[in-house]
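All remarks here apply to the structure that follows.
Here, each number is a calculation from the coordinates, and none is a lab measurement. In this text the structure is predicted, and so the values were computed from the model without any measurement. Note: ideal-geometry Cβ built from the backbone for every residue, glycine included; neighbour counts use all protein chains shown.
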Amino acid sequence: MVTKYPSLVKLLSEDAYEKYFVDNYCKKVIKTFDGVIVYFPRSAFQHAFYKSSSRSLQDKKIFAIERAERLDWIKVALKDNKAQLFFGWNNKKKKSDYKRRVAIVKKNYIVIVQFKKDWKSATFITAFLDDANTAFRIALGEKWIKK
């Protein structure tokens, strides 16, 4: 059975999207398909829904409406037992990050969480629609195996 993803969220302002994030994620208990509780810190909004004007600047100053409109997809992706799951990647060390789990759904929507020490809970890192072959590169990495 194919998981149905909701329509895009259409709000009037960046502040409205942030409030929606806080009300629907930060203040709720969200569990993955395999029972992991995912926490959504308010500070994750800036990282997840803003983008840099260039890869070299990494300034995260531009509101990414295409990410924000998919707010409701995050919860569905985390609960999607058909998601392709991979370990994260540590760019500085150039190796897999076994505390991060990357879920790819709908071929190009990516959600990343970081596990806590207990492996029963995780923190939301980011979610985005792939626009630069990122999903393809992730899929070349190590498939997720619960440690």
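Over the chain, dividing the summed -39,500 (n - 2.57) contributions of all DSSP H runs of at least 4 residues by the number of residues returns a 222 nm mean residue ellipticity of -5500 deg cm²/dmol.
Summing charges over neighbours of Leu8, with a neighbour being any other residue whose Cβ is under 12 Å away from its Cβ, gives 0 when K and R count +1 and D and E count -1.
Highest average first, the peptides 121-130, 39-48, 4-13 ordered by how many other beta carbon atoms sit within 10 Å of their residues are 121-130, 39-48, 4-13.
Pairs Lys4/Lys99; Lys19/Lys60; Lys10/Lys93; Lys61/Lys82: which exceed 30 Å Cα-Cα?
Values: Lys4/Lys99 28 Å; Lys19/Lys60 19 Å; Lys10/Lys93 39 Å; Lys61/Lys82 34 Å.
Over 30 Å Cα-Cα: Lys10/Lys93; Lys61/Lys82.
Spin-label model, His47/Lys92: points 7 Å from Cα along the beta carbon direction are separated by 1.3 nm.
In this label model, Asp59 and Asn24 are separated by 3.0 nm, measuring between points 7 Å along each Cα→Cβ vector. Taking 0.36 nm per residue of separation and subtracting the current Cα-Cα distance, fully stretching the chain between Leu8 and Lys82 would add 24.6 nm.
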